[in-house]
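The values are calculated or read from the model by the stated rules, or taken from the named source; none is laboratory data. Model, not experiment: these values are computed from the prediction. Note that we place each Cβ from the backbone using ideal geometry, even for glycine, and neighbour counts take in every protein chain shown.
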Amino acid sequence: MKWEKNRPSDQVEDRRSQPGRGGMFGGGGGRRGGGRNIGLGTIVVALVAGWIFGINPITILGALSGGGELLPPAQTQTQSAPAEAPSDEMGRFVAAVLGGTEDAWGQIFQQAGQEYRKPRLVLFRGATPTACGTGQSAMGPFYCPGDEKVYIDLSFYDTLRRQLGAPGDFAQAYVIAHEVGHHVQNLLGITGQMDQMRGRVSQREYNALSVRLELQADCFAGIWAHHNHKSQAILEPGDVEEALNAAAAIGDDALQRKSQGQVVPDSFTHGTSAQRQRWFNTGLQTGNVQACDTFKTRDL
């Protein structure tokens, strides 16, 4: 991946030199008002914390309003002051990938007559306070709607490479783009709409909605790749395969088979390997938000 071509984002907040600060918002990963974590946390929880397969605390989301058209942001929030991009290579990589997502989504929102509100990306080690509670490394990368920030402990990339068998810089970029996809869902108003459904559906329905949420974020990651490559020619041979391999590695069926030796479809929360590959590829090939409406299709 030719990530150096991208403009580095000034929205990276580097907390890696700070000691882990669990408990600022109640301790032990507790949550307070302002949103719930949305992300790839289940992967690390399943692999590292006792191989427990479940769902990362997320907001239940559903169908795009208006046939997938961009909607005005559901809320306004003051952005923090820009932070200087990290100087180490991995930090610069993250800043470049985030900058690519900003340019891609900024253009898409502008074409729809809207303004794209950039998320902050927080690099941390161990634990860190968030508006969704205490973020911990074991949760994996996640997005918090309450403060509109993506949180990543870069040690997750070691897990992705060594334990999940998904190496490569484009696989790492896919992870960031997936979490930014959750931010886009938040800006589209989906998060607020579907949060109102919390408690109104069964666990099985909850899981099914979560699958559609995650597959849409995968599709949005593909949209980023489509537009970023179109503008900056970032893709190199093998990059798409890296992303598809990562999508396959974190499919519910693959994780369950690896962790517990059997597959339980009703407990899926992120989608199968094939589904995750399909929806990333849909976004990559079309570059179209409407094509990513996983909530209205019958065939995932």
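When the range 250-300 is filtered for residues that are farther than 12 Å from A217 by Cα and of a type in the set (S, T, Y), the ones remaining, listed by number, are S259, S267, T269, T272, S273, T286, T297. In this structure, is Q172 closer than 22 Å to A291 by Cα and touching a helix residue (DSSP H, G or I) at 6+ places or on another chain (Cβ under 8 Å)? No: the conditions fail for Q172. If we scan the range 161-168, do we find a residue that is part of a loop (DSSP other than H, G, I, E, B), under 22 Å from T128 (Cβ atoms) and not small (G, A, S)? No: zero hits. Surrounded by fewer than 22 Cβ atoms within 10 Å (Cβ to Cβ), of a type outside the set (F, W, Y) and within 18 Å of H182 (Cα to Cα): does that describe A243? No: the conditions fail for A243.
Quick grid of which residues meet (1) within 21 Å of D147 (Cβ to Cβ); (2) part of a helix (DSSP H, G or I); (3) modelled with pLDDT of 95 or more; (4) not hydroxyl-bearing (S, T, Y):
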site	(1), (2), (3), (4)
Q193	yes, yes, no, yes
M197	no, no, no, yes
L209	no, yes, no, yes
R212	no, yes, no, yes
G222	no, yes, yes, yes
A225	no, yes, yes, yes
H229	no, yes, yes, yes
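Within the range 269-294, how many residues are assigned to a loop (DSSP other than H, G, I, E, B) and out of contact with any Leu (no Cβ under 6 Å at 6 or more places or on another chain)? Within the range 269-294, residues that are assigned to a loop (DSSP other than H, G, I, E, B) and out of contact with any Leu (no Cβ under 6 Å at 6 or more places or on another chain) number 6. Could you tell me whether the range 180-189 includes any residue that is farther than 21 Å from D293 by Cα, crowded, with 24+ Cβ neighbours inside 10 Å, polar (S, T, N, Q) and within 13 Å of the chain's Cα centre (by Cα)? Checking the range 180-189: not a single residue is farther than 21 Å from D293 by Cα, crowded, with 24+ Cβ neighbours inside 10 Å, polar (S, T, N, Q) and within 13 Å of the chain's Cα centre (by Cα). When L300, L255 are checked against the criterion of being at pLDDT below 95 and within 21 Å of T191 (Cβ to Cβ), L300 stands alone in meeting it. Taking the range 248-278 as the range and being among the acidic types (D, E) and either surrounded by 14 or more Cβ atoms within 10 Å (Cβ to Cβ) or under 20 Å from H227 (Cα atoms) (or both) as the test, the residues that pass are D252, D253. Only one of the listed residues (E179, E241, E205) is assigned to a helix (DSSP H, G or I) and either at pLDDT 95 or above or in contact with a Phe, Trp or Tyr (Cβ under 8 Å, 6 or more places away or on another chain) (or both). That residue is E179. Could you list all residues from the range 279-297 that are under 22 Å from E205 (Cβ atoms), buried (at least 20 other Cβ atoms within 10 Å of the Cβ) and either touching a strand residue (DSSP E or B) at 6+ places or on another chain (Cβ under 6 Å) or not polar (S, T, N, Q) (or both)? Correct list: W279, C292. Evaluating A104 against the criteria (1) out of contact with any strand residue (DSSP E or B) (no Cβ under 9 Å at 6 or more places or on another chain); (2) at pLDDT 95 or above; (3) surrounded by fewer than 23 Cβ atoms within 10 Å (Cβ to Cβ) leaves one unmet condition, (3).
To keep it simple, each residue is scored yes or no on (1) under 24 Å from K2 (Cα atoms); (2) in contact with a helix residue (DSSP H, G or I) (Cβ under 8 Å, 6 or more places away or on another chain).
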site	(1), (2)
A248	yes, yes
R257	no, no
V264	no, yes
Q275	no, yes
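Would you confirm, using the coordinates I've provided, whether T130 is of a type in the set (S, T, N, Q), buried (at least 23 other Cβ atoms within 10 Å of the Cβ) and more than 26 Å from A248 (Cα to Cα)? Yes. Before we move on, is I234 out of contact with any Cys (no Cβ under 6 Å at 6 or more places or on another chain), crowded, with 20+ Cβ neighbours inside 10 Å and assigned to a loop (DSSP other than H, G, I, E, B)? Yes: the conditions hold for I234.
Tell me yes or no: at least one residue of the range 203-211 is within 14 Å of the chain's Cα centre (by Cα) and either buried (at least 21 other Cβ atoms within 10 Å of the Cβ) or under 30 Å from L154 (Cβ atoms) (or both). Yes; the residues of the range 203-211 include at least one that is within 14 Å of the chain's Cα centre (by Cα) and either buried (at least 21 other Cβ atoms within 10 Å of the Cβ) or under 30 Å from L154 (Cβ atoms) (or both).
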